[in-house]
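Take a look at the structure below.
The values are calculated or read from the model by the stated rules, or taken from the named source; none is laboratory data. These figures come from a predicted structure and were not determined experimentally. Cβ sites come from the backbone with ideal geometry, for glycine too, and all protein chains shown count toward neighbours. The protein model used for the area step is the full one, side chains on, heavy atoms only, and it has no ligands, DNA or RNA in it. Shrake-Rupley method; radii C 1.70, N 1.55, O 1.52, S 1.80 Å.
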Amino acid sequence: MTALRQQRIRAGLSAFKLAEMAGTTEIRVYHIERSRYRPRRVEAEGFARALKKPVAVLFPDGCQPEGAAR
């Protein structure tokens with residue numbers, strides 16, 4: 001289980017609510033939680049704000065490189 005999912009569940013949030021708070025979509029949350037995609041920096045910052053956790057805690061492997069296709 002990814003750190004993002006662990007923290008979302010701990011916070012008692014649905015994927016839909018987290019997406020709404022972070023400014024992204026529910027499907028994007030599911031893809032990131034299942035490690036299908038790494039988040040863009042702006043998404044990671046949105047998740048961090050919503051969950052009140054540092055980006056590095058939620059995404060220890062980092063974010064997508066700038067300009068990456070996914």
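Any chance you could count how many residues in the range 37-63 are open to solvent by less than 30 Å² (accessible area, probe 1.4 Å) and among the charged types (D, E, K, R)?
1
Please pick out the residue among ALA56, ALA48 that is out of contact with any helix residue (DSSP H, G or I) (no Cβ under 8 Å at 6 or more places or on another chain) and of a type in the set (A, V, I, L, M, F, W, C).
Working: ALA48 fails: out of contact with any helix residue (DSSP H, G or I) (no Cβ under 8 Å at 6 or more places or on another chain).
Of ALA56, ALA48, the one residue that is out of contact with any helix residue (DSSP H, G or I) (no Cβ under 8 Å at 6 or more places or on another chain) and of a type in the set (A, V, I, L, M, F, W, C) is ALA56.
Scan the range 9-25 residue by residue and report those that are out of contact with any Ser or Thr (no Cβ under 8 Å at 6 or more places or on another chain) and part of a helix (DSSP H, G or I).
ILE9, ARG10, ALA15, PHE16, LYS17, LEU18, GLU20, MET21, ALA22
Regarding the range 21-35, can at least one residue be identified that is open to solvent by 80 Å² or more (accessible area, probe 1.4 Å), modelled with pLDDT under 95 and not aliphatic (A, V, I, L, M)? Full working, then the answer.
To start, the set of residues in the range 21-35 that are open to solvent by 80 Å² or more (accessible area, probe 1.4 Å) comprises 21, 27, 34-35.
Those left that are additionally modelled with pLDDT under 95: 35.
Then keep just the ones that are not aliphatic (A, V, I, L, M); that gives 35.
Taking every residue of the range 21-35 in turn, at least one turns out to be open to solvent by 80 Å² or more (accessible area, probe 1.4 Å), modelled with pLDDT under 95 and not aliphatic (A, V, I, L, M).
Among the residues of the range 9-29, how many are small (Gly, Ala, Ser) and within 16 Å of ALA44 (Cα to Cα)?
Residues meeting the conditions: 4.
Which of the residues spanning the range 2-20 are in contact with a helix residue (DSSP H, G or I) (Cβ under 8 Å, 6 or more places away or on another chain), of a type in the set (A, V, I, L, M, F, W, C) and open to solvent by less than 90 Å² (accessible area, probe 1.4 Å)?
ALA3, LEU4, ALA11, LEU13, ALA15, LEU18, ALA19
Anything in the range 28-40 that is part of a helix (DSSP H, G or I) and in contact with a helix residue (DSSP H, G or I) (Cβ under 8 Å, 6 or more places away or on another chain)? List them, or say none.
Filtering the range 28-40 for residues part of a helix (DSSP H, G or I) gives 28-33.
The answer is ARG28, VAL29, TYR30, ILE32, GLU33.
Go through (1) crowded, with 17+ Cβ neighbours inside 10 Å; (2) free of Cβ contacts under 8 Å to residues at least 40 places away in the same chain; (3) touching a helix residue (DSSP H, G or I) at 6+ places or on another chain (Cβ under 8 Å) one by one and return the number of the condition GLU66 breaks.
For GLU66, the failing item is (1).
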